[in-house]
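Remarks on the structure that follows.
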Amino acid sequence: MLVVLLGLAVAGLSVAVAYVTVGWPKAVPISTGLALCVVFAVAVGVLHRAAWLAFLSMVPALFVLVGSVQLAPEAVLEERGVRQQVTIVGVEVAGKRHAFTLRGDEGPLDEPMIYRGSNPGYRIGGTLVVLTDPDGVVALRAADRVDSRGRLVALAFGAAGWAVIALLAGWRGHVRRREGRFETLII
């Protein structure tokens, strides 16, 4: 049960770090979250002598990591972001990075909309609705791509996966102790 609580604490701490570091480089919450996910995996492996369960815990760790890192900025935009309709007036492409120049009702926006990928789906002259942070801490995003509930679901899915793995590891440890098998095995 302690490992289940550790998993929930790690998920909560990852979210807290992501909220505190909103506006900082993404490497900070990512590296902190990754380190916390490794701590959980090590705890599962050491406490229950099950390297395969520790390795398996990295699958829900991806959901926890992605959910926690992306939840904070999207929640900030949903909470205090200003909606405005804009027109795309220019684009600068460097590899798979697209920087779209936008014009709103009051003139050009100071900040470009950045898209990383091969096919952004936006064209010069097209219109879209964006969310901008009035404090300038979070980068603007297309309103239809901001989904804090989806990030929260991913986070909850990862935490639930960790709980299942921790309970499975606890059951496995109980059975091994009951049968008198205390040797350290990979499986």
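The values are calculated or read from the model by the stated rules, or taken from the named source; none is laboratory data. Bear in mind that the values here come from a model prediction, so they are computed numbers and not experimental data. As a convention, Cβ positions derive from the backbone with ideal geometry for all residues, glycine included, and neighbour counts pool all protein chains shown. Side chains included, ligands, DNA and RNA excluded: accessible areas come from the protein's heavy atoms. Shrake-Rupley method; radii C 1.70, N 1.55, O 1.52, S 1.80 Å.
Residues that are more than 18 Å from the chain's Cα centre (by Cα), open to solvent by less than 100 Å² (accessible area, probe 1.4 Å) and either without any contact (Cβ under 8 Å) to a residue 12 or more places away in the chain or within 24 Å of residue 50 (Cα to Cα) (or both) do occur in the range 142-163. If you filter the range 164-177 down to residues that are open to solvent by less than 20 Å² (accessible area, probe 1.4 Å) and not charged (D, E, K, R), you find that the one that is nearest to residue 93 (Cα to Cα) is 165. Against the numbered list (1) under 18 Å from the mean Cα position of the chain (by Cα); (2) among the aromatic types (Phe, Trp, Tyr); (3) surrounded by 16 or more Cβ atoms within 10 Å (Cβ to Cβ), residue 100 comes up short only at (1). Listed by first and then second residue, the pairs linking a residue in the range 48-61 that is farther than 12 Å from residue 166 by Cα to a residue that is aromatic (Phe, Trp, Tyr), with Cβ atoms under 8 Å apart and 6 or more places separating them unless they lie on different chains, are 61/40; 61/162. Starting from residues that are modelled with pLDDT of 95 or more and of a type outside the set (A, V, I, L, M), keep the ones in the range 22-32 and report whichever is most open to solvent (accessible area, probe 1.4 Å). The extreme case among them is 31. When each of 53, 47, 62 is tested for being open to solvent by 60 Å² or more (accessible area, probe 1.4 Å), over 15 Å from the mean Cα position of the chain (by Cα) and aliphatic (A, V, I, L, M), the lone residue that passes is 47.
Filter the range 159-187 for residues that are in contact with a helix residue (DSSP H, G or I) (Cβ under 9 Å, 6 or more places away or on another chain) and of a type in the set (Phe, Trp, Tyr); which is modelled with the lowest pLDDT? Selected residue: 182.
Here residue 83 clears all of (1) out of contact with any Asp or Glu (no Cβ under 8 Å at 6 or more places or on another chain); (2) surrounded by 15 or more Cβ atoms within 10 Å (Cβ to Cβ); (3) not aliphatic (A, V, I, L, M) except the condition numbered (2).
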